[in-house]
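The values are calculated or read from the model by the stated rules, or taken from the named source; none is laboratory data. Since the structure is predicted, the reported quantities are computational estimates derived from the model, not experimental observations. Backbone-built Cβ (ideal geometry, glycine too); neighbour counts: all protein chains shown. Quick note on the areas: whole protein, heavy atoms, side chains included, nothing else; ligands and nucleic acids left out. Shrake-Rupley method; radii C 1.70, N 1.55, O 1.52, S 1.80 Å.
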Amino acid sequence: MSEAVIFARTLLRLDGVGRVTAGRLLRHFGRYSELVQYPREQVLTRLKGVPRAAALVKQLFDRDAMEPHLQAAREDLAHLSAKRVALLTQREAAWPRGLNDLPASQRPLIMYAYGNVVCLTQPRVAIFGAPGLSVEAFEGAQRLARRILQGGGVVITGMAHGFDVALQKLAHAGPARYPGAVVADMGMAVLPKPMRPHVTAAVRAAGVFLSPFDMDHGPFAYDEKESALVRAALADAVVFADPQPDTPAARALAWAQEAERPVFVVGPPAPHLDEGIHRVTTSTDEDWVLEAAGLRPRSGEDG
């Protein structure tokens, strides 16, 4: 059981401590026992600008008061471990480093993972889409997803019925099964029943189910934006099928451009999109996506 995860869970139990403050502490101190070895003044310096920082430091150094929080975190983690749910923080080797590019206010403190976390070390492409896509965008996204999977890459999607489920089925429903990554916009414990077989199938195909939210969190509509940002940050290249303005996908697209991720669009031209975004319309365009993700296109591949 990771001491960093115990520390992170403990911090989030404290009144007035959010993930930004917890993230700052975790960045400097890998475990609670490490923090209390430092002079209080040094810990306070690490929290410069945090409201009521002095009161928080006083609480952190009260070992008797902290022990119930630490014990509760240990018990929570033992319960989750029994369910084969892994918790990752920035201190773990398995932490996807791309998440560190997100602003601190939008970066998860903990990622919950069920399944094969190792697949996140393979080249990854996040593909965004929503119901109501044009036929051109839907078919183009599926064709591209097949090539990514056959080339040894991992397709990252959300959990929406229709588009996301169709893309993940390409990974786990055929005779050849490929790992995929499904990112939830809610806690794992509140996953809707109709989505459970879909997630189970992805995990059985050596894929992974991920959530940036606590187990019982949500579902809330405003979390879709955070989930979309996480998906984009997890990826080596990001593809958007018919992206519409003022949507979580549009926010993810803007962030991916700011973070200098390779960004591609599948579907017809749209006046609200930056003309510099590479549109995927041919097999050669698909090659560019694969290469951007670190995959080598195979000659003669029919997609």
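For this structure, a couple of remarks:
Every residue, every condition in (1) in a helix (DSSP H, G or I); (2) more than 20 Å from Met186 (Cα to Cα); (3) of a type in the set (S, T, N, Q), yes or no:
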position	(1), (2), (3)
Ala202	yes, no, no
Ser227	yes, no, yes
Gln257	yes, yes, yes
Glu286	yes, yes, no
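- Residue pairs whose Cβ atoms lie under 6 Å apart, sitting 6 or more positions apart in sequence or on different chains, and linking a residue in the range 60-77 that is within 16 Å of Ser2 (Cβ to Cβ) and at pLDDT 95 or above to a partner that is assigned to a helix (DSSP H, G or I) and not β-branched (Val, Ile, Thr), are Ala73/Arg9.
- Of all the criteria given as (1) surrounded by 16 or more Cβ atoms within 10 Å (Cβ to Cβ); (2) in contact with a Phe, Trp or Tyr (Cβ under 7 Å, 6 or more places away or on another chain), the one not satisfied by Ile127 is (2).
- Among the residues of the range 29-43, those identified as open to solvent by 70 Å² or more (accessible area, probe 1.4 Å) and either more than 16 Å from Gln90 (Cβ to Cβ) or of a type in the set (A, V, I, L, M) (or both) are Gln37, Tyr38, Arg40, Glu41, Gln42.
- Sole residue being outside any helix (DSSP H, G or I), under 29 Å from the mean Cα position of the chain (by Cα) and within 23 Å of Leu99 (Cβ to Cβ), chosen from Val20, Val50: Val50
- In the range 79-93, the qualifying residues are those that are open to solvent by 50 Å² or more (accessible area, probe 1.4 Å) and either of a type in the set (Gly, Ala, Ser) or free of Cβ contacts under 8 Å to residues at least 40 places away in the same chain (or both), and the one that is nearest to Leu120 (Cα to Cα) is Ala93.
- Among the residues of the range 130-158, just one is of a type in the set (S, T, N, Q), more than 18 Å from Ala256 (Cα to Cα) and either touching a strand residue (DSSP E or B) at 6+ places or on another chain (Cβ under 8 Å) or crowded, with 18+ Cβ neighbours inside 10 Å (or both), namely Gln142.
- Odd one out for Thr200, checked against (1) open to solvent by less than 10 Å² (accessible area, probe 1.4 Å); (2) without any contact (Cβ under 8 Å) to a residue 40 or more places away in the chain: (1)
- Evaluation of Arg84 against the conditions (1) touching a strand residue (DSSP E or B) at 6+ places or on another chain (Cβ under 7 Å); (2) basic (Lys, Arg); (3) farther than 25 Å from Asp223 by Cβ shows that the sole unmet condition is (3).
- Matching residues, the range 252-276, being within 19 Å of the chain's Cα centre (by Cα) and open to solvent by 70 Å² or more (accessible area, probe 1.4 Å): Gln257, Glu258, Glu260
- Any hit, the range 241-253, residues being acidic (Asp, Glu), within 15 Å of Ile127 (Cα to Cα) and modelled with pLDDT of 95 or more: no
- Cβ-Cβ contacts under 6 Å between residues 6 or more apart (or on different chains), taken from a first residue in the range 230-249 that is assigned to a loop (DSSP other than H, G, I, E, B) to a second residue that is polar (S, T, N, Q) and surrounded by fewer than 24 Cβ atoms within 10 Å (Cβ to Cβ), are listed as Asp242/Ser134.
- Selected residue [in contact (Cβ under 8 Å) with a residue 40 or more places away in the chain, assigned to a helix (DSSP H, G or I), of a type outside the set (Asp, Glu) and more than 30 Å from Ala8 (Cα to Cα)] from Leu253, Leu290: Leu290
- Number of the condition not met by Pro108 [criteria: (1) assigned to a loop (DSSP other than H, G, I, E, B); (2) open to solvent by 10 Å² or more (accessible area, probe 1.4 Å)]: (2)
- Options Pro243, Pro194, Pro212, Pro219; residue that is at negative phi, surrounded by 21 or more Cβ atoms within 10 Å (Cβ to Cβ) and more than 15 Å from the chain's Cα centre (by Cα): Pro243
- Picking from residues in the range 135-189 that are aromatic (Phe, Trp, Tyr) and touching a residue at least 40 places away in the same chain (Cβ under 8 Å), the one that is farthest from Lys225 (Cα to Cα) is Phe138.
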